[in-house]
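In what follows, a structure is listed as structure tokens, so that the remarks can point back to it.
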Amino acid sequence: MSIVQLEHVRKVYDKKVAVEDLSFSIEPGTMFGLLGPNGSGKTSTIRMMVGITLPDSGVVRLFGEPFKRDALKRVAYLPEERGLYKKMKVIDQLVFLGQLRGLDEATALKRSHEWCERLQITEAIPKKTEELSKGMQQKIQFIATLLHEPELIIMDEPFSGLDPVNATLLIETMLDLRNEGRAILFSTHRMDQVEKMCDAICLISRGKEVLSGTMREVKSRYPRNRVQMTFEGDTGFLRNPGIEEAKLYNGSAEVRLKDESGAQQLLAQAVNAGTHITRFEVMEPTLEEIFIQEVSAGGNVDA
Amino acid sequence: MPSNIFLIAKREYLERVRTKSFLVTTMLIPLLMGGGILFSVVKSRHSKAASHIAVVAADTDLALALQDELEHGKDSAMQVDVISPPTGNTRQAVVDETAEKQIDGFLWIDVDKGKPKAIYTSMSNADISTMQSIESALRRAIVREGMQRKGVDAGEIKLMMAPVDLETETIRNGEISKSDTMTAFFGAYVLFFLMYMAVMLHGMNVARSIIEEKTSRVFEVMLATVRPQEMMAGKLLGVGSVGLTQIGIWVLAALGLSAAPMASAVGAGAIHISFSAGQIIAFIGYFVMGFLLYSGMAAAIGAMVNSEQELQQFNMVIALPMAVCMFVLVPVISNPNSPFSRIISLIPTCTPLIMYLRIAISNPPWYDIAASVVILLATIYGVLWLTARIYRVGILMYGKRPTLPEILKWIRYSD
């Protein structure tokens, strides 16, 4: 059973089509990346999953059933626009949000303390929210989202505004949650994180799906035609006819080949010419390259 | 889900009751209001015209009678110099005295074909109470003098001219009881202003609280679990309960103060305030309805605007209908059951304050009360329905303020 399933979902605001014929599904225990440039429809898609808006056509299924508000008790949602009650005490706030998601007061209190310890933020517990730093508020928000032990966690741009230390802590926590069997969907446009963390992705642009599948599937669709090498000596091998494009740096080069088979030939030519090679690596394209290539192929990076 | 509404209301209530501003408004509003009204009532009761004037008349008897009236009259305690009969330079003398502020003014009386003609000259032209005192004193002096000339016995004149006290009684629930018009007004007045302040304060608090959630972006977090309607209902319930708590404190304090021993202790014994149970029920009932009506309007405004500053521009929508109630206060008090008062009390935006006032100071027919409640409830329903629809869309809109056509479109959106 898929945790989330979107079937031909479409959403139009006034005359602007925000999401068009979008379908994907997320399995339990998966880290799912929803990618796309700014204004591509990520937030609109997420809002339909948590019932803030309804699709104009198509179906959103949660836990195998058509969308019902009851299902939201098993879902966590961290919106891109974070918000907490500024004047409220942190612990009151956490308990209140926990209760809204169906916890009783004692459980909400207990779990709040546990989470604050886990995220190393116990000193914030007795304070008012407005007294906290931005990073601490993010952590509190994160805790508030997870208190009710949701099976599906949806996060819109979770890393925006986090320093590297806290971003790493968040990544580790998300991986832990994934390993506990929860499904996690997050949107971002930072490809390095997606590449490290995600099991599956869906790339959308202008509300339409451009690319989707597991990380392996997606990458295997692209040829392993990147070569990175470090060397000393003659650079004549860069004139090899199999090379489509080459960038020469000080003692290293990045080469894109016309096809995968050209790599061995290139290596042979360089060795024959007496070039001293210390590194020669054949690579698949990075997700970032795929992203830029696919999105600009549509000619529509809104940035 | 009702439990969500309850949780939201509880949060709203606790967060508000704990604030300093709740404490301050609860203490300060009745103190200022009660103090101000008490002061003006006491002042108007004991204020007598106390000017120092000169009376110039050829007729000495009339001048002396007038002096007596003005110095020892029912509502004047003036100091009066009599110049009678005037000489050639008297006029210049009194004009100079007035200009030098030795006296406040002078009254010049001529007798023209047996009919006295009086002119009062002073430095100011707006001393209404002095004018009224002089006018009534002059009339009484002329009557007294006239009777004296006709040979009426002085004792008889005194008896005839003695002031008459009018006592008032009211019939309530078939029982006749002595009423003190002044204290009835006083009580009704205080509660009228308290309701005015409470509806205004808490209505605007609803708008402010919505804007706060909007600017802090809590809405998105909340909406992933609760419906917008639940948020709005919880908010109205929470803020409304704060208002009721405040009013409860006021009513208890008023009852405590009006209890006999307390009243004499604080020296307010002269002004005995009494609230009947019916009046208190009417007060609370109309407060709740007034709060729902105005806070419903305020909630719609709160959902449409993006900041406190923008809210200020829309204050009028709330403040103006409330101000109308203040403008009609005097005609309604002076004649609470006139057609004008009845019509005003049936206009929904005025009903809570004006109908309550009519109930407090008179006995309006039951069908007037029933009609006011029915019309008011229907209006509240309509306002809340519209507000719920504006709210649903408005709270997720940031940035540009919506235009009227856009708002109409929000209202037409289905779920």
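Would you mind getting me the FRET efficiency between B:LEU32 and B:ARG412? Use the beta-carbon distance for r and R0 = 56 Å, nearest 0.05. If you can, show how the numbers build up before the last one.
Values: r = 45 Å, r/R0 = 0.81.
Result of the calculation: an efficiency of 0.80.
State to the nearest 20 debye the size of the charge dipole of segment A:169-264 about its Cα centre, where the only charges are +1 on K and R beta carbons and -1 on D and E beta carbons.
340 debye
Answer with one residue from B:VAL373, B:SER124, B:ALA162: the one whose Cα lies farthest towards the positive end of the charge dipole of chain B, charges on Cβ with Lys, Arg +1 and Asp, Glu -1.
Of B:VAL373, B:SER124, B:ALA162, it is B:VAL373.
How large is the charge dipole for segment A:1-60, taken about the Cα centre, if only the Cβ atoms of Lys, Arg (+1) and Asp, Glu (-1) carry charge, to the nearest 20 debye?
Computed about the Cα centre, the dipole is about 240 debye.
Lys/Arg Cβ at +1, Asp/Glu Cβ at -1, dipole of segment A:199-303 taken about the Cα centre: which of A:LEU266, A:ILE292, A:GLN228 is farthest positive-ward?
Toward the positive end, the furthest listed residue is A:LEU266.
With θ set to phi - 60°, apply the Karplus curve 6.51 cos²θ - 1.76 cosθ + 1.60 along segment B:209-219 and write out the HN-Hα couplings as whole Hz, x wherever there is a Gly or Pro.
My calculation for segment B:209-219 gives 5, 5, 5, 4, 5, 5, 5, 8, 6, 5, 3 Hz in order.
How much accessible area is lost when chains B and A come together, counting both sides, with a 1.4 Å probe, in Å² rounded to the nearest 100? Write out the running numbers ahead of the final one.
On the way: alone 22780 and 15230 Å², together 35540 Å².
Result for this pair: about 2500 Å² buried.
Could you pull out the trypsin sites (Lys or Arg not before Pro) across segment A:117-164 that fall in loop regions by DSSP (anything but H, G, I, E, B) with no more than 14 other Cβ atoms inside 10 Å? Provide the component values of the computation, followed by the final result.
On the way: sites: A:ARG118, A:LYS127, A:LYS128, A:LYS134, A:LYS139; in loops: A:LYS127.
Answer by residue number: A:LYS127.
How far apart, in nanometres, would the label points at A:LYS258 and A:LYS127 be if each is projected 7 angstrom from Cα along the Cα-to-Cβ direction?
Computed distance between label sites A:LYS258 and A:LYS127 equals 6.3 nm.
Of A:PRO164, A:SER2, A:LEU72, which is farthest on the positive side of the dipole of chain A, counting Cα position, with +1 on Lys and Arg Cβ, -1 on Asp and Glu Cβ, and the Cα centre as origin?
Sorting the options by dipole projection puts first A:LEU72.
For the protein assembly as shown, what mean projected area does the convex hull of the alpha carbons give, in nm²?
Average of the hull's projected areas for the protein assembly as shown equals 50.9 nm².
Heavy-atom accessible surface, probe 1.4 Å, ligands and DNA/RNA ignored: which residues of segment B:203-243 lose at least 40 Å² versus the isolated chain?
Checking the loss per residue gives B:GLU212, B:SER216, B:ARG217, B:VAL218, B:GLU220, B:VAL221, B:MET222, B:ALA224, B:THR225, B:ARG227.
What's the center-to-center distance, using Cα atoms, between segment A:125-152 and segment A:5-69 in Å?
Cα centroid of segment A:125-152 versus Cα centroid of segment A:5-69: 26 Å apart.
Once the convex hull of the alpha carbons of chain A is built, what does its volume come to per residue, in cubic angstrom?
Convex hull of Cα atoms, per residue: 160 Å³.
With the full set of protein chains in place, find how many percent of the accessible area of segment A:247-291 is carbon and sulfur; take the probe as 1.4 Å.
Roughly 48 percent, rounded to a whole number.
Per residue, what accessible area does segment A:206-270 have, given a 1.4 Å probe and all protein chains present, in Å²?
Per-residue accessible area for segment A:206-270 comes out at 58 Å².
Based on alpha-carbon atoms only, what is the radius of gyration of segment A:42-102 relative to the globular estimate 2.2 N^0.38 Å?
Values: Rg = 13.9 Å, N = 61, 2.2 N^0.38 = 10.5 Å.
That ratio works out to 1.33.
How much of the pair distance distribution for segment A:1-122 lies past 20 Å, counting alpha-carbon pairs only, in percent?
Tail fraction, whole percent: 54.
Can you work out the accessible area per residue across segment A:58-118, with the rest of the protein chains kept in place, probe 1.4 Å, in square angstrom? Don't skip to the answer; put the middle values down first.
Values: 2700 Å² over 61 residues.
Roughly 44 Å² per residue, with all protein chains present.
As a check on your grasp of the helix formula, calculate [θ] at 222 nm for chain A: sum -39500 (n - 2.57) over DSSP H runs of n ≥ 4, divide by the residue count, round to the nearest 500.
-9500 deg cm²/dmol
Got a number for carbon plus sulfur as a percent of chain B's accessible area, 1.4 Å probe?
Exposed carbon and sulfur together represent 64 percent of the surface.
Would you mind checking which residues have amide H under 5 Å from A:ALA76's amide H? H placed 1.01 Å from N; only 5 or more apart, or other chain.
A:LEU152, A:ILE153, A:ILE154
Between helix A:164-179 and chain A, what is the angle of the helix's C-alpha long axis to the longest principal axis, kept within 0 to 90° and rounded to the nearest 10?
80 degrees
Hey, got the dipole for chain A? About the Cα centre, +1 on K and R Cβ, -1 on D and E Cβ, debye to the nearest 20?
About 700 debye.
Per residue and in Å³, how big is the convex hull formed by the alpha-carbon atoms of chain B?
227 Å³
Return the FRET efficiency for the residue pair A:GLU81, B:SER129: r is the Cβ-Cβ distance, R0 is 45 Å, and the value is rounded to the nearest 0.05.
Between A:GLU81 and B:SER129 the formula returns 0.10.
Past 21 Å, Cα to Cα, is the threshold; run A:LYS42/A:LYS208; A:LYS73/B:LYS409; A:LYS16/B:LYS214; A:LYS87/B:LYS10 against it and keep the listed order.
Checking Cα-Cα distances, A:LYS73/B:LYS409; A:LYS16/B:LYS214 exceed 21 Å.
Based on DSSP H runs of at least 4 residues, each adding -39500 (n - 2.57), what is the mean residue ellipticity at 222 nm of chain B after dividing by all its residues, to the nearest 500 deg cm²/dmol?
Theoretical 222 nm ellipticity from helices: -23000 deg cm²/dmol.
Where in segment B:309-394 are there trypsin sites (Lys or Arg not before Pro) that are in a DSSP coil and have at most 14 other Cβ atoms within 10 angstrom of their Cβ? Intermediate results must be reported in sequence, preceding the final value.
On the way: sites: B:ARG342, B:ARG358, B:ARG389, B:ARG392; in loops: none.
The qualifying sites: there are none.
Looking at chain B, identify the longest residue range that excludes and avoids all GluC sites (Glu not before Pro) in DSSP loops having at most 14 other Cβ atoms within 10 Å. Let's see the in-between values first.
Values: sites that count: B:GLU100, B:GLU167.
The longest such stretch corresponds to B:168-415.
The values are calculated or read from the model by the stated rules, or taken from the named source; none is laboratory data. Owing to the predicted nature of the structure, the values given are computational and were not obtained by experimental measurement. Virtual Cβ from ideal backbone geometry, glycine too; neighbours counted across all protein chains shown. Heads up: the accessible areas ignore ligands, DNA and RNA and are worked out on the full protein's heavy atoms, side chains in. Shrake-Rupley method; radii C 1.70, N 1.55, O 1.52, S 1.80 Å.
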